[in-house]
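The values are calculated or read from the model by the stated rules, or taken from the named source; none is laboratory data. None of the values given here were measured: they were computed from a predicted structure. Because the Cβ atoms are built from the backbone with ideal geometry, glycine has one as well, and the counts that use them run over all protein chains shown. All accessible areas refer to the heavy atoms of the entire protein, side chains included, with ligands and DNA or RNA removed. Shrake-Rupley method; radii C 1.70, N 1.55, O 1.52, S 1.80 Å.
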Amino acid sequence: MLMAVWPAVLLALLAPAAAQGIGNLSGEVARRSCALGRHDCSRQGRRLLLAGGYLLPSCFDVRLRRRCVSGPPPASPMGREAVVEEVDATYESAVVNASLVLRFHLATLLEYTQRAEAVRQVGDVEASWVAILRGALSQRSRRRSRSFRYHVLDPMPELVAFLEKHPKFKALGIQVDFADSVDADVLFFASSRLLDFSLVTGSTRYILVHGTQEAVGSAHTLDQMQSWLDVNKAWRFAEYSALGSGFAVLERSQRSWERPANCSWDASAWSNAMRLASELLVVQHEYPSSLGATWRVDGPVLQSMSRKLQALRRSCVGSLEIQAAQLILRRFRRGEEQLMKGDFFETPSLVAVPGLPIEVAESHPELSLLLLYSGLPTETYRQLLDISIARWPHRVEFWYLLALSPEGQSTTRVHAIRRCVSLAHFDRSIVHQLLKLLNQLFHAREARLLWAAVAGNRSKPWDDRRRSAFSSTWVAQVVHGAVFPGSAWLAEHPEFAFAQQLMEARAQELLQEQLKIIQTYSSSKVNGYCKDNGWCEYVFLMFEYCHFLSECVKVPKTCRAMQEMEQKGLRLLRASLSLAGSPEVEASDMHRRHVYIQPHASPEIGRMRLSCTLVVSPQTSSTLRIEGERPRVYQPGKCFWFDESMTHEMDFEANGPETLRATLYLDALHPGYYGEQSIQHRYYPIPNSVPWWRTILERLASQHRSTPPTIGASPQHYSAAPRQLLPWLSYAVEAHQVDADICLRGDFGRLFHDNAFWNPGDRHRPLTMLQLFQRMRTLEHLGTVDPDLRSLLERNRRFTQQDLDELTQDTWTCLALGCQGCKALEMFGLCWHDLAEEILLRLLRGFSQTLHLHIYFLRRWFTLLGLGFPPKGGYGLTREQLFSILQERRSEAEAFFSEVS
């Protein structure tokens, strides 16, 4: 079946990006394309395991092969529209087929060409001519009254052949000549070795330099440009890219705004204020769970920076820079803790910018960004974004918004993605979004090539091109470990060796427990699911970020084994059962016997997985593959560790009467997170998050420098103490069965961690909290249709340490005093008056379940107090009345408390 559908998949993935225009592209580009087309099909046509899900199929479309064999179609007279289409097709083909030296800079060359009326090219580099012609056509479509001139001193064979094929090309308003000329507003050096600033004239607006990273003299090239800029103050670096052979853009400075008259600008005061931007956020790695981390705004730093900027504003009222800094700083004033995950936990919200006119925003990039992220009407948003890109083409933030725009044309969005690649190829948070977008826009091959270009070098933000692209966090102590840890690594980390030995020793015992689960429950009844490919999963235990899950009532032996591992120091994250050939899949379904799990990887760098196979039916085979590693075959009773953040795939085939393959897997935190004195973290924040706005502030503080913004760009850095052991499994075992979100209070689990791990005392507190959080999840679903339940949910979200102490440390007194003396009862709806007896009884049952009490004891207690059961709404004793009753019925009270304890 896989072979049957693969050609169709290839057709959908490659036809728009690879096959189009190949036959019209001559020279080295066409030869390379055909060589790729003749690549052998490995592993029955499956995808090569190169990187986090963005993979190049090894078999190309049959139609492409025919074109490579037969060659391009014969030339024929073409009209103007056909010529334009051929230029477009040739350009699109060059973007994915040209050599790496220029491929990723063709969009930049096109972008600055379409802003010009004349381009002068010095030297020759493959495929540059087609990007310039396409830019010229774009310029002509917008400025129909003017012609375009393309001056090339050295005739390029491909360009000459194209012009001979299309003798009427000049009729499109584009003049190409091969004579030397000085009259051009874009000066393009095809190689940094040809860089000659004496060619710059008064008409030159942009200088484009290719090859700044060439093996010989790359540092000299940058120094040469910087020295020239130091003398020529009217010029500045606009952008720089280290992809391929490197590409730099210098522009004649054209400030779109001026400093207001009579503005006393104190450069040192500005510097002192803006340097505080790097201190605005404090990262905390203690919660939620072993994976989570939070950041909070440093209040005193925020106040200090606000005061300094306000003082500057008084001396320079009309300064757009100060206004932008103050408006950005407003985004930090909420000051709540927020979760920092690879991608962050939630999409950042829009923040209104009152009193900022569009006309003012159009004059300053940071002000424009603020408005674009404030929820503008669609038409106004498009207008402002177009103006911003036209004025600041070197700012990746605007191209990123254009790439994300669902209303934009596909070609426009793809061009925006390519510009983002050139400007921010080092930024993990942006690149993984670009990879997803390219796949969605049917440019899968280009996505694969992009990943191959940015990943794979240990000096770059990605340590290994096989690792998941979906994490913007990079941890030095974790990334350089082995994919499949060997005996030496296990000896160095005995907690991992112990876990593997324990699981193999108890394989038969655990098998019997898991077989009961398979026979009794469907995967959806145990927090899991079955995919269309026939793979099924059951989830038994989990503590990741805010999610705390326990099914120990179903798998007590598995839970006890994991608790033993935790006691040996292993930082466990989850336990799940993976099935291929599951009885849940219909016997007639081909996926009962043939399962293929496509390449995937965990976005959490440092997630180690212990894979323990419990059963492999006769005449079945199951294999795990990671590129460059020996395939691992699943064997019953055997376990192995591997780094789950590395891209892997799985094959399963069943040829006998039985089909089941069951594997129990446990995830744990890499020891690099807790084995050092200080853990070094690097991350790229996603756009519109508060850490991202901090980087905008830092850029605003240094925008007067002449160095390009992307040279030496580095991620945000911070250090954290080694992660402490959070013994959560003991609570999972005692809770028996719970599915809770510990962050529902809005504190990202701080109160839960404080009671469970940091200041552990009475274990009843965290266990009760888990039940409260589970109850709140139920109220979230029910509260959408009932206002009373919504108010009950809000009261639960506001529960405090005092509420928790009243419920767990003084439970019976709380119940006796009622809502007048114990406000914690409001969380259970017990303070509503005029409730029907049946409703009140249900609410009391909810109370008893949350506190792990039998309803029988509540009945005994209220009867002892003479209140009846259930008591009437609005009941409540005073402390004096309660003391008097207990004194009068002392023997009954002592017997009650003895039985309860």
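When N is the residue count of region 72-194, what does its C-alpha Rg come to as a fraction of 2.2 N^0.38 Å? Don't skip to the answer; put the middle values down first.
Details: Rg = 13.6 Å, N = 123, 2.2 N^0.38 = 13.7 Å.
Relative to the 2.2 N^0.38 Å estimate, region 72-194 comes out at 0.99.
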Kirkwood-based Rg to Rh ratio, region 366-454, C-alpha trace
0.97
What the 10 Å binned alpha carbon P(r) of region 589-712 shows, as percent of pairs per bin from 0, is 10, 28, 23, 16, 13, 7, 3, 0
Residue-by-residue Karplus 3J(HN,Hα) for region 229-234, coefficients 6.51, -1.76, 1.60, Hz, glycine and proline x
5, 4, 8, 9, 5, 6
Ignoring ligands and nucleic acids, residue 638 exposes an accessible area, probe 1.4 Å, in Å² to the nearest 10, of 110
Along Cα→Cβ, 7 Å out, is where each label goes; now give me the distance between the ones at residue 629 and residue 788 in nm to one decimal.
5.6
Taking a spot 7 Å from the Cα of residue 405 along the direction of its beta carbon, which residues of region 89-129 have an amide N less than 14 Å from it?
none
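Can you compute the helix-only [θ] at 222 nm over the chain? Use -39500 (n - 2.57) per DSSP H run of at least 4 residues, normalise by all residues, nearest 500 deg cm²/dmol. Display every interim value, and only then the final one.
Numbers: 34 runs with 372 residues, N = 901.
Here the helix-only value at 222 nm equals -12500 deg cm²/dmol.
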By what distance, in whole Å, do the Cα atoms of region 472-588 stretch along each of the three principal axes, largest value first?
46, 35, 29
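Would you please calculate the Kirkwood hydrodynamic radius of region 129-193 over all C-alpha pairs and express it in Å, rounded to one decimal? Show your work: numbers first, answer last.
Numbers: mean 1/r = 0.0788 Å⁻¹.
About 12.7 Å, per the Kirkwood formula over Cα pairs.
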Could you point to the residue in 389, 408, 453 farthest towards the positive end of region 345-460's charge dipole, with +1 and -1 charges on the Cβ of Lys/Arg and Asp/Glu respectively?
453
Under-5 Å amide H pairs with residue 718, H placed in peptide plane, nonlocal only:
681
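Please compute the net charge surrounding residue 724, taking Lys and Arg as +1 and Asp and Glu as -1 over other residues with Cβ under 10 Å from its Cβ.
Details: positive: 571, 723; negative: 286.
Taking every Cβ under 10 Å from that of residue 724, the sum is +1.
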Once Lys and Arg get +1 and Asp and Glu get -1 on their Cβ, which of 881, 820, 399 lies farthest toward the positive end of the dipole of the chain?
399
Output wanted: per-residue J couplings in Hz (rounded whole) for region 353-361, from phi through Karplus 6.51 cos²θ - 1.76 cosθ + 1.60, θ = phi - 60°, x for Gly and Pro.
10, x, x, 10, x, 4, 4, 6, 4
Rg(Cα)/(2.2 N^0.38 Å) for region 167-208, N = residue count:
1.38
In whole Å, largest first, what are the principal axis extents of the Cα atoms in region 753-883?
40, 38, 24
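When the convex hull of the C-alpha atoms of region 141-243 is computed, what volume per residue in Å³ does it have? Write out the running numbers ahead of the final one.
Numbers: hull volume 15.0 nm³, N = 103.
Spelled out: Cα convex hull of region 141-243, divided by residues, is 146 Å³.
If exposed means no more than 12 neighbouring beta carbons inside 10 Å and the site is in a DSSP loop, what's the longest run of the chain without any exposed GluC sites (Glu not before Pro)? Mind showing how you got there, number by number?
On the way: sites that count: 258, 336, 346, 407, 586.
Counting at most 12 other Cβ atoms within 10 Å as exposed, the longest clean stretch of the chain is 587-901.
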Cα centroid separation - region 173-193 against region 819-870, whole Å:
86
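What is the Rg over Rh value, at two decimals, for the chain, using alpha-carbon atoms and the Kirkwood definition of Rh? If you can, show how the numbers build up before the last one.
Details: Rg = 32.9 Å, Rh = 31.8 Å.
Rg/Rh: 1.04.
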Relative contact order for the chain: what is it in percent, counting Cα pairs under 8 Å that are at least 6 residues apart?
10
Cα centroids of region 480-528 and region 623-655: how far apart, whole angstrom?
14
Modelled label-to-label distance, residue 621 and residue 640, 7 Å Cα→beta-carbon offset: nm?
1.5
Against the longest principal axis of the chain, how steep is helix 378-391, in degrees 0 to 90 to the nearest 10, with axes from Cα atoms?
50
Can you give me the three principal axis dimensions of region 429-516 from its C-alpha atoms, in Å, biggest first?
50, 36, 19
Based on the Cα atoms of region 809-901, what semi-axes does the equivalent ellipsoid have, where each is the square root of 5 times one gyration tensor eigenvalue, given in whole Å with the largest first?
20, 15, 12
Would you please give the residues with an amide H less than 5 Å from that of residue 176, counting only those at least 5 places away or on a separate chain, with H modeled from the backbone geometry?
150
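In what order, largest first, do 210, 717 sit by accessible area if the probe radius is 1.4 Å? Intermediate results must be reported in sequence, preceding the final value.
Numbers: 210 5, 717 110 Å².
Order by accessible area, largest first: 717, 210.
With viscosity set to 1.567 mPa s at 4 °C, what whole-number translational diffusion coefficient in µm²/s follows for region 860-901 from Stokes-Einstein and a Kirkwood radius over Cα pairs? Present the calculation step by step, with values, prior to reporting the outcome.
Numbers: Rh = 10.9 Å.
This corresponds to a translational diffusion coefficient of 119 µm²/s.
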Given H placed 1.01 Å from N in the peptide plane, which residues other than close sequence neighbours of residue 573 have an amide H under 5 Å from its amide H?
667, 668, 669
Could you give me the radius of gyration and the Dmax of region 792-836, taking only the C-alpha atoms into account and expressing both in angstrom?
10.3, 31
Rounded to the nearest 5, the percent of antiparallel DSSP beta bridges in the chain equals 85
Region 429-444 - phi-based ³J(HN,Hα) in whole Hz, Karplus 6.51/-1.76/1.60, Gly and Pro as x:
5, 7, 4, 5, 5, 5, 4, 4, 5, 4, 4, 5, 8, 6, 10, 5
